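Visitor: Handing you a structure now.
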Amino acid sequence: MTAKVRTPEDQDELLKYRLSLRLGPVHARQRLGIEQEAEAKVFGRDKRSFHLENLATAPGLIRFCLQMTGLFNRARANSRTLTTVHNTFTLADLPEAFEGFRVLHLTDLHVDMDEHNLQAVIKQIQPLEYDLCVLTGDYRQLTWGSIDAAVDGMARLRDAIKGDAYAVLGNHDSVRMLPALEDMGYRLLMNEMTPLTRGQSSIYLAGVDDAHYYKVHNLHRAGDDIPTGGISVLLSHTPEIWREAAHAGYDVFLCGHTHGGQICLPGGIPVTLDSDCPRRLGRGFWQVNGMQGYTSPGAGTSVLNVRLNCPPEVTLHTLSRGPQ
């Protein structure tokens, strides 16, 4: 008996059905609808939502400026030279079983942007020891178009990640990627929470869908089932919801999106962060209203594979109860 060949229309319906089951019909319909608008208007939903990465001439213009100043080769080499940054979150109420718990944080990988950078990321994480890996979005180069190259790159990265890997989507990511990512072993947190358990003790890992462009984050849905007093770690693509998250009671906030500026002035001063948040939240460790946060400058690049005064990083966070 000959197997039935699925048409593109059949595949679209299957995707919509699977997303509806996974996310609920409202979330799936909302995310897909906004993406379809973005496909039709590459410059965004209106003139106010213009994004530099959607301007076809942007890479050439930036390349030209860097070449004219003699900085292009150095900037490109910088983008492929990763560092491992160590950060500690001190949480007095952390269960004793989680003392020293290590979280590998990867973000803004844009895996289909530059093969040399992807290989550098894989090489950088291979010798690291960690208990959990989390990824905070932007796995695709563009904000529209095919997902195939990004899915392929994420599959190769997953092979290099040890153990569990939890992730959220960013503004570059299509929700159409979700089934493929979950099939290869990433656990997507789409306004959801999961307990992390050691012995009789637990902490709580929550994640929200993109809050930058799609505005489909829901902190309440993600956190309502976290017990009072439980240590909570929130994954968000962008730091823009820092105020909401702090008042919602999250203890730790991990994010990316800003690239730390990617092209910065001497001293690491960003030209732009493309994020509606205070500049002190644009890179590295910060604290707000009792919540500790970390904005990673990311391991990849956007628009053009260059960096100046802002090295790419993978981040190794350690949870500690501090001096007892």
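No lab work stands behind these numbers, since they all come straight from the coordinates. Note that the structure is predicted; figures quoted are calculated from it, not measured. Cβ coordinates were reconstructed from backbone atoms using ideal geometry, including for glycine residues, and neighbour counts include every protein chain displayed.
Visitor: Roughly how many debye, to the nearest 20, is the charge dipole of the chain about its Cα centre, given +1 on each Lys and Arg Cβ, -1 on each Asp and Glu Cβ, and no other charges?
Guide: Once rounded to the nearest 20, the dipole reads 660 debye.
Visitor: How are the C-alpha pair distances of the chain spread across 10 Å bins, as whole percents from the shortest bin up?
Guide: It works out to 6, 27, 35, 23, 8, 2, 0, in whole percents.
Visitor: Please build a GNM for the chain, connecting alpha carbons under 10 Å apart, and tell me which residue among Leu235, Leu23, Leu178 fluctuates the most.
Guide: Of Leu235, Leu23, Leu178, the Gaussian network model singles out Leu23 as fluctuating most.
Visitor: Here is a further query. Which cross-chain or sequence-distant (5 or more) residues have an amide H under 5 Å from the amide H of Gly293, H modelled 1.01 Å from N in plane?
Guide: Amide H neighbours of Gly293: Phe253, Trp286, Gln287, Val288.
Visitor: What list do you get for Ile263, Ile147 if you sort them by fewest beta carbons within 10 Å?
Guide: Ascending Cβ contact count within 10 Å gives the list Ile147, Ile263.
Visitor: If you build a Gaussian network model of the chain, linking Cα atoms that sit under 10 Å apart, which residue out of Arg18, Arg158, Arg31 swings the most?
Guide: Largest GNM mean-square fluctuation: Arg18.
Visitor: Rounded if a/c is under 1.5, else prolate if a/b beats b/c, else oblate: with a ≥ b ≥ c from the C-alpha gyration tensor eigenvalues square-rooted, which is the range 205-324? Spell out each step's value before the answer.
Guide: Details: a/c = 2.21, a/b = 1.56, b/c = 1.42.
Note, shape of the range 205-324 comes out prolate.
Visitor: Also, quick follow-up: Would you mind working out the magnitude of the charge dipole of the range 142-219 relative to its Cα centre, with +1 at each Lys and Arg C-beta and -1 at each Asp and Glu C-beta, to the nearest 20 Debye? Spell out each step's value before the answer.
Guide: Working: 7 positive and 10 negative charges, 48 e Å.
That gives a dipole near 220 debye.
Visitor: If the label point is 7 Å along Cα→Cβ of Asp224, which residues in the range 6-36 have backbone nitrogen under 18 Å from it?
Guide: Of the residues in the range 6-36, 22-28 have backbone N under 18 Å from the label point off Asp224.
Visitor: Have a look at Met193, Met184, Met154 and tell me which one the Gaussian network model of the chain (Cα, springs below 10 Å) gives the largest fluctuation.
Guide: Evaluated over the chain, the most mobile residue of the options is Met184.
Visitor: If amide hydrogens are placed 1.01 Å from N in the peptide plane, which non-local residues have theirs closer than 5 Å to the one on Gly249?
Guide: Residues meeting the criterion, in which the H sits 1.01 Å from N, do not exist here.
Visitor: With the contact rule set at Cα under 8 Å and sequence spacing of 6 or more, what percent relative contact order holds for the chain? Display every interim value, and only then the final one.
Guide: Details: 690 pairs, mean separation 74.3, N = 324.
For the chain, the relative contact order is 23 percent.
Visitor: Could you derive backbone 3J(HN,Hα) for the range 252-264 from the dihedral phi with the Karplus parameters 6.51, -1.76 and 1.60 (θ = phi - 60°), listing whole Hz in sequence and x where the residue is Gly or Pro?
Guide: Once θ is set to phi - 60°, the couplings for the range 252-264 become 10, 10, 10, 7, x, 6, 6, 6, x, x, 6, 10, 10 Hz.
Visitor: Just subtract the alpha-carbon distance of Cys65 and Glu99 from 0.36 nm times their residue separation and send over the number in nm, one decimal. Spell out each step's value before the answer.
Guide: Values: separation 34, 0.36 × 34 = 12.24 nm, distance 4.82 nm.
Fully extending the segment from Cys65 to Glu99 adds 7.4 nm.
Visitor: Could you tell me which of Ala180, Thr197, Thr228 has its Cα farthest along the dipole of the range 151-255 towards the positive end, charges placed at Cβ (Lys, Arg +1; Asp, Glu -1), taken about the Cα centre?
Guide: Thr197
Visitor: Here is a further query. Would you work out which of Leu273, Thr295, Thr7 lies farthest towards the positive end of the dipole of the chain, given +1 charges on the beta-carbon of Lys and Arg and -1 on that of Asp and Glu, about the Cα centre?
Guide: Leu273
Visitor: Additional query: Have a look at Ala211, Leu82, Gly322 and report the one farthest towards the positive end of the charge dipole of the chain, computed about the Cα centre with Cβ charges (Lys/Arg +1, Asp/Glu -1).
Guide: About the Cα centre, the residue reaching furthest to the positive side is Leu82.
Visitor: If you don't mind, another one. For a footprinting-style exposure proxy, rank Cys65, Cys310 by other Cβ within 10 Å, fewest first.
Guide: Working: Cys65 12, Cys310 25.
Neighbour counts put them in this order, fewest first: Cys65, Cys310.
Visitor: Given R₀ = 51 Å, what would the calculated FRET efficiency be for Ile269 paired with Asp10, taking r from the Cβ atoms and rounding to 0.05?
Guide: Values: r = 52 Å, r/R0 = 1.02.
Computed FRET efficiency for Ile269 and Asp10: 0.45.
Visitor: Counting other beta carbons within 10 Å of each Cβ, put Val233, Val303 in order, fewest first.
Guide: Fewest-to-most ranking of Val233, Val303: Val303, Val233.
Visitor: Expected output is a single nm value to one decimal: the length gained when fully extending between Thr318 and Glu244, i.e. 0.36 nm times separation in residues minus the C-alpha distance. What is it?
Guide: Details: separation 74, 0.36 × 74 = 26.64 nm, distance 2.43 nm.
Computed gain between Thr318 and Glu244 is 24.2 nm.
Visitor: Write down the percent of antiparallel bridges among all DSSP beta bridges whose residues are both part of the chain, to the nearest 5. Each step should come with its number before you reach the end.
Guide: Numbers: 19 of 50 bridges.
Counting DSSP beta bridges with both partners in the chain, the antiparallel share is about 40 percent.
Visitor: Another question, if that's okay. Calculate the length of the line joining the C-alpha centroid of the range 84-129 to that of the range 217-289, in whole Å.
Guide: 16 Å
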